[in-house]
Amino acid sequence: MIPIKSDRMFLLKYIYYFAMVTVTLLTLSVGCATLPDKLVDVVYVQENGGSQWPDKKLEKQFRTYWSKRFAGPVEDGYNMENPYFRELVPLGKYRNYVHNALKSKLTKVEIQRVEQVSDYMVKIDCTVLIQSGDDKPTEVMMADRWVYVEEKWCHVIRDPVFSL
């Protein structure tokens, strides 16, 4: 009888270690899936561009958002949008709104100006270079807005529901 207990303990330990390794690998793969491989390149038109950010956390959020927005998964970009937008627009509608971004590649962001509109809102005037398939890259000028809500910077997307 002693060998049977030993075999049972061995089997239980094997199952336990197998489960732990599986959980660890899944956790690592999910964690890696939510981070873009590389943050988008940001170039400053003004020489003192790096010092114009009112908050270094905003600069990091800006780069992370635009990297995730074009690298997917869609949920990552959606979770960085401001809370009121997420209350009004479900993930499925957001997915339809940004689906072209997932077919393209954001190759460069050139920042002309970072303007602190208020203590809780920042406007970033920039030009982005977008590559769609084999087409020539397209240059798009935009005013990107960010708000400080719930102790973090959130992106303010041009509202696809209430565009004015």
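Here is a yes/no grid of residues against (1) touching a helix residue (DSSP H, G or I) at 6+ places or on another chain (Cβ under 9 Å); (2) modelled with pLDDT of 90 or more; (3) not assigned by TED's automatic domain parsing to the domain that holds L102:
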position: V42; (1), (2), (3): yes, no, no
position: E47; (1), (2), (3): no, no, no
position: S51; (1), (2), (3): no, no, no
position: P54; (1), (2), (3): no, no, no
position: K57; (1), (2), (3): no, yes, no
position: K60; (1), (2), (3): no, yes, no
position: Y65; (1), (2), (3): yes, yes, no
position: R69; (1), (2), (3): yes, no, no
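Selection of the stretch 56-106 for residues being farther than 22 Å from V42 by Cβ and in contact with a strand residue (DSSP E or B) (Cβ under 7 Å, 6 or more places away or on another chain) yields P83, K103.
The values are calculated or read from the model by the stated rules, or taken from the named source; none is laboratory data. These figures come from a predicted structure and were not determined experimentally. Glycine also receives a Cβ, built like all others from the backbone with ideal geometry; neighbour counts cover every protein chain displayed.
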